[in-house]
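Below: the structure, in structure tokens.
The values are calculated or read from the model by the stated rules, or taken from the named source; none is laboratory data. What you are looking at is a predicted structure, and each value in this text was computed from that prediction instead of being measured. For neighbour counting, all protein chains shown are included, and Cβ atoms are generated from backbone atoms with ideal geometry for every residue, glycine included.
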Amino acid sequence: MEMECGETSRSEAYLAGPEARELVAELCRHFYAPGWLTGTGGSITVKVHDPDVPLADRLIVMSPSGVQKERMAAEDMYVFSADGEVLSAPAAKPWPNKPPKCTDCAPLFMKVCDALRSSFC
């Protein structure tokens, strides 16, 4: 599985609606509060649940690297296809913010989802 965290965007990314992106942002904020995620460290990845889409084809929403977890917003998320293609990447924010960066753990998260493709991930 070849995966790039570039700024590719396709119209299918709307399938990972604001609910899934907001859920990941909310989880980041909640996990930051007790110290389970720190500052810009750590990442959260979820597979979008849609009963009308086969399990192996469901989209994956992943939090970025380098964004303060307590400030995470839905528009900061990456959306991937089940095979690791970036469908949507966050837009760059004005200075002093750094450009968006996909987490270094993305290949690991995608391997886990691929290994569990036939079950729950």
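Hey, any hits in the stretch 97-106 for a residue that's modelled with pLDDT of 90 or more and among the aliphatic types (A, V, I, L, M)? Yes: one or more hits. Is it true that some residue in the stretch 61-84 is of a type in the set (A, V, I, L, M, F, W, C), farther than 18 Å from PRO18 by Cα and over 14 Å from the mean Cα position of the chain (by Cα)? Checked against the condition, which is being of a type in the set (A, V, I, L, M, F, W, C), farther than 18 Å from PRO18 by Cα and over 14 Å from the mean Cα position of the chain (by Cα), the stretch 61-84 yields no hits at all.
Residues in the stretch 10-39 that are of a type in the set (Ser, Thr, Tyr) and surrounded by fewer than 17 Cβ atoms within 10 Å (Cβ to Cβ) were compared, and the one that is modelled with the lowest pLDDT is SER11. Pull up the stretch 40-57, narrow it to residues that are within 19 Å of ASN97 (Cβ to Cβ) and among the hydroxyl-bearing types (Ser, Thr, Tyr), then point me to the one that is modelled with the highest pLDDT. Only one residue fits best here, namely SER43. What do you reckon, is GLU85 of a type in the set (Asp, Glu) and under 16 Å from PHE109 (Cβ atoms)? So GLU85 fits the description; yes.
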